[in-house]
Amino acid sequence: MFTAQQYVKAATLEEAYTLNQKRNNVVIGGGCWMKMNHRRYQTLIDLSGLGLDIIEETPEEFVLGAMVTLRQMETDEALKNTFGNGFYEMTRHIVGVQFRNCATLGGSLYSRFGFSDILTFLLALDCEVELAHAGRLPLAEYAQMPYDRDILAKVHILKNGRRAAYESFRQTATDIPVLTCAASVLNDTLRVVVGARPMRAICMEFPFPETEEAMEEICRKVQETVSFGSNLRGSGEYRRRLAGVLCRRAICSLKEDAVC
Amino acid sequence: MLITVTINGKKYSDDITPDLVLLDYLRQKGCYSVKRGCETSNCGLCTVHLDGKPILSCSYLAARADGHAVTTLEGLQEEAAEFGAFLADQGGEQCGFCSPGFIMNVLAMVRELKNPTEAEIQEYLSGNLCRCTGYQSQLRAVKNYLAHKQEVQP
Ligand SMILES: Cc1cc2nc3c(=O)[nH]c(=O)nc-3n(C[C@H](O)[C@H](O)[C@H](O)COP(=O)(O)OP(=O)(O)OC[C@H]3O[C@@H](n4cnc5c(N)ncnc54)[C@H](O)[C@@H]3O)c2cc1C
Ligand code: FES
Ligand code: FES
């Protein structure tokens with residue numbers, strides 16, 4: 001467990017950002033990941049007083065505050081009505097309900113974990129992150145950036161009719177995934193995202209496959225193009241095989257599902 | 001720093017260190033049902049309710065609970081004893097180490113889900129690890145408890 005000397009519940013995002021520029025200060029989301037380190041912090045910066053724990057819907061987009069919990073995304077009816085089961089599928093295997101009531105969207109995206117279910121699925125949608133200092137930028141760009149001292153305030157998800165599906169594979173229930181895969185379609189273009197490779201998630205686009213052969217060809221391409229690594233959860237070769245299976249399942253559910 | 005937290009219906013104000021986790025704060029307040037298991041957010045043993053929602057007190061800072069209401073097993077003794085009897089009937093409690101967290105999460109589920117299916121029960125309780133039972137006896141106990149609740153207050 002980390003230690004800290006001070007706790008500041010920020011009154012404004014600006015205040016949080018300024019405090020976060022000091023090397024020994026840190027923003028705390030749910031704290032579920034941070035608690036596993038043994039660092040000595042000067043000040044913990046709490047964003048929970050900034051109204052960032054809500055999911056807003058406008059005609060054009062959803063705006064999710066950084067302090068929205070994984071459980072909120074899992075159970076939100078408006079997200080479900082617009083994106084089908086994707087938000088539920090991306091969250092439901094993560095540890096347990098109690099954990100998901102604590103862990104936040106901000107902490108999850110800032111961390112950009114290779115194994116992240118959340119990053120994998122959100123990359124399949126059209127998302128922008130809103131940072132306190134750098135402003136708005138595409139999630140795909142943020143996912144590649146090195147860690148810095150900016151604060152993730154919100155995530156904007158475009159409501160443009162994109163349909164998406166999510167698949168993951170775990171060795172045991174609630175474990176970190178061996179492989180994650182999301183697929184989405186907009187205007188006949190298919191986007192495939194593969195995560196937990198075990199490196200950070202990667203996106204590819206293809207014309208949407210109308211035939212079984214075209215779908216198999218895409219799955220083969222994903223297997224051939226993406227690089228997969230080995231760790232204690234699985235070898236690179238095992239992940240390559242899994243990628244074909246999960247990719248196929250995700251595309252199939254897009255074909256079957258005209259609603260989500 | 002000063003926090004004010006309602007624990008099992010009673011208000012407390014205390015000066016705490018910023019890195020104190022809720023689990024340790026609650027134990028300082030005499031809530032010894034709240035136990036530390038894995039301390040890596042995996043086992044669910046430290047489950048308490050924050051404003052009615054189940055959370056992991058090993059991962060949640062006491063500072064965050066400022067202004068909120070926390071419920072531990074001590075605050076739900078009657079319900080816990082009622083469900084505990086169903087657990088005992090099915091041999092769903094062996095060493096009993098996981099029971100406080102498990103019972104707290106079952107009671108949270110009962111409040112949150114109406115007539116949950118077996119799959120929903122399993123999913124809701126998947127964050128409560130048990131080394132002894134293999135989960136089947138726990139599942140039977142939960143199902144019997146839910147059926148009993150339906151009977152007494154449909
Ligand atoms: C035991 C365990 C199992 C897990 N299993 C999975 C899994 O199966 N799948 C999965 O996808 N994830 C998994 N995770 C990761 C988890 O879902 C969260 O991503 C993680 O806990 C971080 O969220 P948090 O709110 O707890 O962040 P914290 O621990 O509070 O913070 C994590 C990092 O993000 C920074 N941070 C937090 N909020 C912000 C912000 N708004 N702006 C800038 N920086 C910020 C913090 O300073 C810190 O560096 C697991 C985590 C644990 C501990
Ligand atoms: S002690 Fe909190 S989850 Fe195990
Ligand atoms: S009864 Fe022993 S850990 Fe559950």
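The values are calculated or read from the model by the stated rules, or taken from the named source; none is laboratory data. A quick note: this is a predicted structure, and the numbers were derived from the prediction, not measured. Neighbour counts run over all protein chains shown; Cβ positions are idealised from the backbone, glycine included. For accessibility, only protein heavy atoms count, side chains too; no ligands or nucleic acids. Shrake-Rupley method; radii C 1.70, N 1.55, O 1.52, S 1.80 Å.
Between amide H atoms placed 1.01 Å from N, distances below 5 Å from B:I7 occur with B:Y12, B:V70, all of them 5 or more places distant or on a separate chain.
Taking every DSSP bridge with both residues inside chain A, close to 80 percent are antiparallel.
In chain A, the DSSP-assigned H stretches of four residues or longer account for a calculated mean residue ellipticity at 222 nm of -9500 deg cm²/dmol, using -39500 (n - 2.57) per stretch and the full residue count as denominator. Hey, which of these cross-link pairs are over 27 Å Cα-Cα: A:K255/B:K143; A:K22/B:K53; B:K53/B:K114; A:K154/B:K114? Beyond 27 Å between Cα atoms: A:K255/B:K143; A:K22/B:K53; A:K154/B:K114. Threshold 40 Å², probe 1.4 Å: give the residues of the stretch B:56-74, in number order, that are less accessible with all protein chains present than with their chain alone. The answer is B:L56, B:S59, B:L61, B:R64 - residues whose exposure falls by at least 40 Å² when every protein chain is included. The Rg/Rh ratio for the protein assembly as shown, using Cα coordinates for both the radius of gyration and the Kirkwood hydrodynamic radius, is 0.98. For the protein assembly as shown, the share of accessible area belonging to carbon and sulfur comes to 50 percent (1.4 Å probe, ligands and nucleic acids excluded). Across the stretch A:163-259, counting alpha-carbon atoms alone, Rg and Dmax equal 12.9, 39 Å. Taking max minus min of the alpha-carbon positions on each principal axis, chain B gives extents of 46, 33, 24 Å, largest first.
Accessible surface of B:R27, taken over heavy atoms with a 1.4 Å probe and every protein chain present, rounds to 80 Å².
What number, in nm² with one decimal, is the all-direction average of the projected area of the convex hull of the alpha-carbon atoms of the stretch A:3-93?
Averaged projected hull area, Cα only: 7.1 nm².
Selection among B:L76, B:T4, B:C98 by position relative to the dipole of the stretch B:1-130 gives B:T4 as farthest towards the positive end (Cβ unit charges, Cα centre). Each of B:C95 and B:T6 was given a label point 7 Å from its Cα along the Cα-to-Cβ line. The distance between the two points is 3.7 nm.
Among the aspartates and glutamates, which fall within straight-line cross-link reach of A:K35, defined as a Cα-Cα distance under 12 Å, with same-chain neighbours fewer than 8 residues apart omitted? Excluding near neighbours in sequence, the set is B:D19, B:E39. Shielding of peptide B:118-127 by partners, expressed as the average count of other chain Cβ atoms within 10 Å per residue Cβ, is 3.
Per residue of A:98-108, other chain Cβ atoms within 10 Å of the residue Cβ number 5 on average. Between the stretch B:22-99 and the stretch A:226-243, the alpha-carbon centres lie 38 Å apart.
Cross-link partners of B:K29 among lysines, defined as those whose alpha carbon lies under 17 angstrom from its own and excluding same-chain residues fewer than eight positions apart: B:K10, B:K11. Distant-in-sequence amide contacts of A:V27, defined by a placed amide H-H separation under 5 Å and a gap of 5 or more residues or a different chain, comprise A:I45.
Based on alpha-carbon atoms, the Kirkwood radius and the radius of gyration of the stretch B:1-77 give Rg/Rh equal to 0.92. Principal-axis analysis of the Cα atoms of chain A puts helix A:236-256 at an angle of about 80° to the longest axis. Membrane-span-like helices in chain B, defined purely by DSSP H runs whose alpha carbon atoms cover 15 Å or more axially and whose average Kyte-Doolittle hydropathy reaches 0.5, are B:99-112.
The residues of chain A expose, per residue, 43 Å² of accessible area to a 1.4 Å probe. Against chain A, whose longest principal axis comes from its Cα atoms, helix A:212-225 is set at around 50 degrees. Counting only other chain Cβ atoms within 10 Å of each residue's Cβ, the peptide B:14-22 averages 4. Give the calculated FRET efficiency between A:E213 and B:R140 to the nearest 0.05, with a Förster radius of 30 Å applied to their Cβ-Cβ distance. According to the calculation, E is roughly 0.05.
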